Amino acid sequence: MTNTMLSETSYALRIVRDVRVPMRDGVHLSVNLFLPDAEGAFPTILQRMPYGWSGFPDGEYWARRGYAYVMQDCRGRFDSEGEFDPFVDDAQDGYDTLEWLAGQSWCDGHIGMYGPSYLGGVQWLVAPLAHPNLTALAPSVMSADFWRCGYWRNGAFSLALSSLWLCLEVSARASDLNLIPAFDMPKFFATLPLIDLDVYAGRRNEFWRDYLSHSEYGSFWQRFELRGQYDRVTAPAFLLGGWYDYYPGEAFADFTGLRAAGKPAKILIGPWSHILSQSQQLGEIDFGAHSQLDLRALLLRWFDLQLKAMPNGMLDEPPITIFVMGINQWRQETEWPLARTRFTPYYLHSDGNANAGTDGLLSPAPPTAEPPDHYRYDPANPVPTLGGNHSICWPDVYHIIQPGPLDQRPVEAREDVLVYTTSILETATEVTGPITLVLYAATSAPDTDFTAKLVDVFPDGRAINLCEGIIRARFRASIYQPSQLLTPGEVYEYRIELMPTSNVFLPGHRIRVDLTSSNFPLWDRNLNTGHPIGLDAELQIAEQTIYHDDRYPSHLVLPVIGE
């Protein structure tokens, strides 16, 4: 990751504001230009965003290093004409903007795109259109699969993110996030029926209602996905993400999808949330000063290679760079999952009293005859979100939902949380890769949720979360197939995909999994009724039974890394 042969700061700056770029339907989108104040044509960096240019002040950085930098307001946002409808017009508008850029005298025909979150999403949307001048991509903290990761996580609605973003951040031409302190946020998130949350937020919002009402996979979401289209992407991609963001699993899915299609791709994942490399302290863990990287310098190196053909050796390095937590070290790898992975089952055990951490055990030994565990899930009293993998980056709601590693003991003390823990580790155990909980469970309800967290238990008792996952029971067969309600009392197998992680459980630590049925407001509450999602105001208590015996061996599959 050494930054060598970087473009030097050698140009004066020229700024041109609010240039109107015509789209094919006659709408004009506004761009601000940051250009080297010199004759000639330059490689060009494009960022398309719905957030206004002042939030991403990178223009000077690129222009002084010999790049033309272009910031564009998305359709219907800030200075651009038209009506904003999230992601709907961004493939076409992105292509038309690339076409316009390629015809400008100051553009040498090599165009790169980069940026986080929505700025990453617009890259994935335009990439399969394969514009001949789109030379390199660098999407971060956003996936190509909006259905599975952005809004519906394995059938559960991403409530906190979607409500704040759709109903406040982008509900008007400019952001209304400054209204957050005026709301009773617990009441905001608890609004029922959920479809009316936009009204509580102050204005009816059709794309909130569209996203929420399309709770099953279909043509509405297919238009936003890159799944099955990686072979159409021609521009090399450098993906960036964080272990505690909402999208590390999808980032690796995009990376492996591109590589399988024979496309050049690199990926870097650090100990960060949605705001990359902001501070060495995240939540309650200090990952050390070396955990922070100069991401602009990394991107400069990437675009120097791809747009300027500077032979800096970046593509000769291993394609994967990850931060291994626990030992807090950067490491480069060549494949994902790692070739030396031993996918190891850790079985759930108890005498039927794993509630609140009483006697739950996690062990490589398979279970024999054991009584099941029980708990009651009441959607009127859901388990609160405490840290974790998500993209909430608005401090005004951190008292309710904050990303990152936090001590889980407050939620583990609840009677509706089952806790299974290994014995004290005598040797270090590295877990790096995808993680799955295979769960055998029954419920009294026609639909419900099951959630899980992987936790690192420190010698002083702190229970620090690493990653989490959820499954909505009606989507147990597949999130890409029509939902199927449950037969109450019947035992079903569920496969809960947790986010991938990389962590060394040090000697003296213990490995733990927490199991329950809610993580609110990260995800919407399953009301347990089986009614259409988002349209219901009826709450039903679900009696949950978790099996772990020789017939139903519930277990956590961990990617243990050997030497």
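Nothing in this text is a laboratory measurement; each read-out follows from the coordinates by a stated rule. All of these numbers come straight from a predicted model, not from anything done at the bench. Don't worry about glycine lacking a Cβ; one is built from the backbone with ideal geometry, like all the others, and counts go over all protein chains shown.
Taking a straight Cα-Cα cut-off under 26 Å and skipping sequence neighbours fewer than 8 places away in the same chain, the lysines within cross-link reach of Lys266 are Lys308. Once you order the gyration tensor axes a ≥ b ≥ c over the Cα atoms, which shape class does the range 341-561 get: rounded for a/c under 1.5, otherwise prolate or oblate by comparing a/b with b/c? The shape class here is oblate. The Asp351 and Ala260 beta-carbon pair, evaluated with R₀ = 45 Å, returns a calculated FRET efficiency of approximately 0.50.
Spin-label model, Gln281 to Asn133: label points 7 Å out along the Cα-to-beta-carbon direction sit 4.7 nm apart.
Note on the chain: antiparallel DSSP beta bridges, both residues inside, total approximately 75 percent of the bridges counted. Along the range 175-186 the Karplus relation, 6.51 cos²θ - 1.76 cosθ + 1.60 evaluated at θ = phi - 60°, assigns HN-Hα couplings of 5, 10, 5, 5, 7, 3, x, 7, 8, 7, 5, x Hz to successive residues, with x for each Gly and Pro. For the chain, the relative contact order comes to 14 percent (Cα pairs under 8 Å, sequence separation of at least 6). With 0.36 nm allotted per residue and the present C-alpha distance subtracted, the Ile180-Gln481 stretch has 104.7 nm of extension available. For the range 140-212, averaging the sequence separation of C-alpha pairs within contact (under 8 Å, six or more residues apart) and dividing by the residue count gives a relative contact order of 27 percent.
Each of Met113, Met23 has some number of other Cβ atoms within 10 Å of its Cβ, and from fewest to most they run Met23, Met113.
Multiplying the residue separation of Leu535 and Asp316 by 0.36 nm and removing their Cα-Cα distance gives an extension gain of 73.6 nm.
Normalising the average separation of contacting C-alpha pairs (under 8 angstrom, six or more residues apart) by the number of residues puts the relative contact order of the range 341-561 at 34 percent. Here Asp37 and Gln92 are evaluated by their C-beta separation; at R0 = 41 Å the FRET efficiency comes out at 0.80.
For the chain, the Kirkwood estimate of hydrodynamic radius, built from reciprocal distances between every pair of different alpha carbons, is 24.5 Å.
Each 5 Å bin from zero up to the one holding the largest Cα-Cα distance in the range 149-219 carries the following percent of pairs: 3, 16, 30, 26, 16, 7, 2, 0.
For the range 41-88, the set of GluC sites (Glu not before Pro) satisfying both a DSSP loop assignment and a count of at most 16 other C-beta atoms within 10 Å is given as Glu81, Glu83. A Förster radius of 25 Å combined with the Cβ-Cβ distance from Ser219 to Asp25 puts the calculated FRET efficiency at roughly 0.70. Peptide packing for 8-18, 154-164 was compared via the average number of neighbouring C-beta atoms within 10 Å per residue; ordered from the highest value, the list is 154-164, 8-18.
Stretched out straight at 0.36 nm per residue, the stretch from Asp460 to Ala339 would grow longer than its current Cα-Cα span by 40.2 nm.
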